[in-house]
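Notes follow the structure.
We did not get these values from a lab; they are worked out from the coordinates using the rules stated. On a predicted model such as this, the values are computed, not experimentally measured, just so you know. Neighbour counts run over all protein chains shown; Cβ positions are idealised from the backbone, glycine included.
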C-alpha cells in the first residue's frame, strides 16, 4: 500500500502480474512505475447497504460527509427497521447492533 498514489493500469496475460502505480497530489498524476503483484484489491469506502430499503420504496439522500447514500424517508406502507436518521459510521453501527469493539 502506498499513500498518495493511484493505480493507473495493470498488465499480465490471463492474470495480473503488474500494477502501474503513480504518485497523485490531488491534481497531477506522476509517472507510473510497474509494481510486481498477483492481486489487486480496491476499496469503495464505507457504503451502507441501502438497496433493500430503496426497493421497498424508501427514498435516499446523498450524505456528503459519508460520501454515500443513506435512507431519507420510508414509504408509508413499509415496515422498515432502518431509521432514516440512523448513523452509518462503523463504530456507531456496530455498537447499535451489539457488536463489541475490536481489541487492538
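Under the simplified labelling scheme, the residue 57-residue 36 pair shows an inter-label distance of 6.0 nm, with each label point 7 Å from Cα along Cα→Cβ. The ranking of 7, 29 by Cβ neighbour count inside 10 Å, starting from the fewest, reads 29, 7.
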